[in-house]
1. In degrees between 0 and 90, to the nearest 10, how far off the longest principal axis of the chain does helix 139-150 point, with axes built from Cα atoms?
2. What number of lysine-lysine pairs in the chain show an alpha-carbon separation below 20 angstrom, given a sequence spacing of 8 or more or placement on distinct chains?
3. Apply 1/(1 + (r/R0)^6) to the Cβ-Cβ distance of VAL91 and GLN170, taking R0 = 45 Å, and write down the FRET efficiency to the nearest 0.05.
4. List the trypsin sites (Lys or Arg not before Pro) in the range 45-109 that DSSP assigns to loop (not H, G, I, E or B) and whose Cβ has at most 13 other Cβ atoms within 10 Å. Which are they?
5. Take the Cα pairs of the range 115-172, get the Kirkwood Rh, then feed it into Stokes-Einstein at 10 °C and 1.306 mPa s and tell me D in µm²/s.
6. Can you give me the Kirkwood hydrodynamic radius for the chain, using every pair of distinct Cα atoms, in Å to one decimal?
7. Using just the helices of the chain, give the 222 nm mean residue ellipticity in deg cm²/dmol: DSSP H runs with n ≥ 4 each add -39,500 (n - 2.57), and the total is spread over all residues, rounded to 500.
8. How many nm separate the modelled label positions at ARG62 and CYS38, each set 7 Å beyond the Cα in the direction of the Cβ?
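Bear in mind that the values in this text are calculations on the coordinates, not laboratory data. This structure is a prediction, so every number in the text was calculated from the model and none was measured. In this analysis, Cβ positions are derived from the backbone assuming ideal geometry, glycine residues included, and neighbour counts consider all displayed protein chains.
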Amino acid sequence: MPMINLIQEQRLAIQEREQKIRALLFATVGLGALAFLCAGFFTFEAARYQVMVMSLSGEKQRLQPQIDKYQANLKEMKELEPRIESLGSAVKATERWFRVMDHLSYNTPNGVWLTQVRSNSNDASKGVVVTVDGYGLTQEQIGELLIRLGTCPDLANVSLKFSQERPIDQQKVLEFEILATLTGTEVKKTVAEKKKESA
């Protein structure tokens, strides 16, 4: 009769169970070590970020007077913005008038004398109207002045309103009046205003 070795099978079964237990134990220890390392890493990172927060808080407190000053400057700039815009437009208007007067001084022909330069703005949509009054000896000289004023980039719609003979000191001269529009002074109408006018 053959002999069956039951002890061998039991030993193999026990060894197999022990190997499974060891594998589970190693897996559990590995997971525990990994969890411990992760917890240590996150604790270190949290501590590092906490130190950074404290450092930045200290830096913010150190810079707080400058931040407050910056905020006050921003507020003051907002309050001054309309004044700055007004000043900018006044500077532009002054420069424009300087260019017009400079153009008149260099481009007034001989035999023409200017007596008055004035401006008014009755209709804001049409801009500022410049009126040039004076005397000339001939119509050609007045026409030449008219053409020269037309070349000024700051004047548009230059036209002769009238010219008429006027006796001065027993001599006849031509009195004239020239009208022009100062460029850049027209107020643009909004779409609503244009619709209201057309209705």
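1. 10
2. Step by step, the pairs that qualify in the chain add up to 12.
3. On the way: r = 48 Å, r/R0 = 1.06.
Efficiency, from the Cβ-Cβ distance: 0.40.
4. Details: sites: ARG48, LYS60, ARG62, LYS69, LYS75, LYS78, ARG83, LYS92, ARG96, ARG99; in loops: none.
Passing both the DSSP loop test and the Cβ count: no residue.
5. Values: Rh = 13.1 Å.
Estimated via Stokes-Einstein, D reaches 121 µm²/s.
6. Working: mean 1/r = 0.0375 Å⁻¹.
Value: 26.7 Å, from the Cα pair sum.
7. On the way: 3 runs with 122 residues, N = 199.
Taken over the chain, the calculation gives -22500 deg cm²/dmol.
8. In this crude spin-label approximation the distance works out to 3.8 nm.
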